[in-house]
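Engineer: Attaching a single structure in structure tokens format; questions to follow.
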Amino acid sequence: MILEPLPSCKNGPAAVEGVHMAIAFTLDDLLAYSDWEREVWHRWFRDNGAGALAVDLGRNNTGRIQTVGELVRHIFSAEKRYVERCLKAPLTDTSAIAADDVEQLFTFGVESRRALRDLLASFPDSEWEAPREMSFGTHSRVVTSRKMILQAVTHELRHWAHVAAFVRQAGYKPGFHDLIASPLFELPASASGTNRS
């Protein structure tokens, strides 16, 4: 990341042209955050019941995904299918997974995450940059497995934000899901002195 000087900044590090700041985090870090968020949502849906999964996405839905439960299933289905595409395996038909059953949905989420972690642990290095063809309805694209896996994770994060917005609009209180609230990169209480959740 290169910090460029701001026109209004006369002093301080931001005013030093060309300053480089390295921040390192890994896909494992994003998955750890995603695992935490899944756990939080699982508890939340358990506490709020099937009615929360039945929240309608409104008149501008895709026609294929019409409820929050179907959107949650889509999150986990996409992860599963990106792994299958990397492996050149047949794509799983996930329509039989009940979109109104909290436990069935989140059990499927555990399975899709296990498949992703297995792929990350065993996929040959030479295959990460190999081209894979994908179809989206009438469109197709050729992308690398590396890009598909990053898409799987960012796709999930984006859709959890949608879930939060939809349930909030329906009158529910979805809670705080920001990364800052997660245990990722958490300092031990003794090191921070003021670490409060």
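The values are calculated or read from the model by the stated rules, or taken from the named source; none is laboratory data. What you see is a predicted model, and the numbers here were worked out from it, not measured in a lab. Ideal geometry is used to build each Cβ from the backbone, glycine not excepted, and the neighbour counts take in all protein chains shown.
Engineer: Check whether at least one residue in segment 49-67 is touching a Lys or Arg at 6+ places or on another chain (Cβ under 9 Å) and of a type in the set (A, V, I, L, M, F, W, C), and report yes or no.
Structural biologist: So far as segment 49-67 goes, yes, one or more of its residues are touching a Lys or Arg at 6+ places or on another chain (Cβ under 9 Å) and of a type in the set (A, V, I, L, M, F, W, C).
Engineer: So, one more: Any residue at all in segment 69-76 that's within 23 Å of residue 154 (Cβ to Cβ), among the charged types (D, E, K, R) and assigned to a loop (DSSP other than H, G, I, E, B)?
Structural biologist: Scanning segment 69-76, I find no residue that is within 23 Å of residue 154 (Cβ to Cβ), among the charged types (D, E, K, R) and assigned to a loop (DSSP other than H, G, I, E, B), so the answer is no.
Engineer: Sort out which residues of segment 84-114 are assigned to a helix (DSSP H, G or I) and of a type outside the set (D, E, K, R), and write them in order of number.
Structural biologist: Selection gives 86, 102, 104, 105, 106, 107, 108, 109, 110, 112.
Engineer: Among the candidates 124, 183, 188, which residue alone is of a type outside the set (A, V, I, L, M), under 17 Å from the mean Cα position of the chain (by Cα) and more than 22 Å from residue 68 (Cβ to Cβ)?
Structural biologist: 183
Engineer: Exactly one condition in (1) surrounded by fewer than 15 Cβ atoms within 10 Å (Cβ to Cβ); (2) within 15 Å of residue 149 (Cα to Cα) is not met by residue 90; state its number.
Structural biologist: (2)
Engineer: For segment 54-70: of the residues being closer than 27 Å to residue 147 by Cα and touching a Leu at 6+ places or on another chain (Cβ under 7 Å), which is surrounded by the fewest Cβ atoms within 10 Å (Cβ to Cβ)?
Structural biologist: Among residues in segment 54-70 that are closer than 27 Å to residue 147 by Cα and touching a Leu at 6+ places or on another chain (Cβ under 7 Å), the one surrounded by the fewest Cβ atoms within 10 Å (Cβ to Cβ) is 65.
Engineer: Also, I was wondering about something else. For segment 119-150, name all the residues that are part of a helix (DSSP H, G or I) and either buried (at least 16 other Cβ atoms within 10 Å of the Cβ) or without any contact (Cβ under 8 Å) to a residue 24 or more places away in the chain (or both).
Structural biologist: 119, 121, 122, 125, 126, 145, 146, 147, 148, 149 - these are the residues of segment 119-150 that are part of a helix (DSSP H, G or I) and either buried (at least 16 other Cβ atoms within 10 Å of the Cβ) or without any contact (Cβ under 8 Å) to a residue 24 or more places away in the chain (or both).
Engineer: Starting from segment 164-180, take each residue that is surrounded by fewer than 16 Cβ atoms within 10 Å (Cβ to Cβ) and list its partners that are assigned to a helix (DSSP H, G or I), counting only C-beta distances under 7 angstrom and pairs at least six apart or across chains.
Structural biologist: From residues that are surrounded by fewer than 16 Cβ atoms within 10 Å (Cβ to Cβ), the pairs are 175/40; 175/44; 179/33.
Engineer: Just one of (1) surrounded by 10 or more Cβ atoms within 10 Å (Cβ to Cβ); (2) more than 18 Å from residue 161 (Cα to Cα); (3) at pLDDT 65 or above trips up residue 5, so point out which.
Structural biologist: For residue 5, the failing item is (3).
Engineer: Which one is nearest to the chain's Cα centre (by Cα), of the residues in segment 138-164 that are small (Gly, Ala, Ser) and under 16 Å from residue 83 (Cα atoms)?
Structural biologist: Result: 152.
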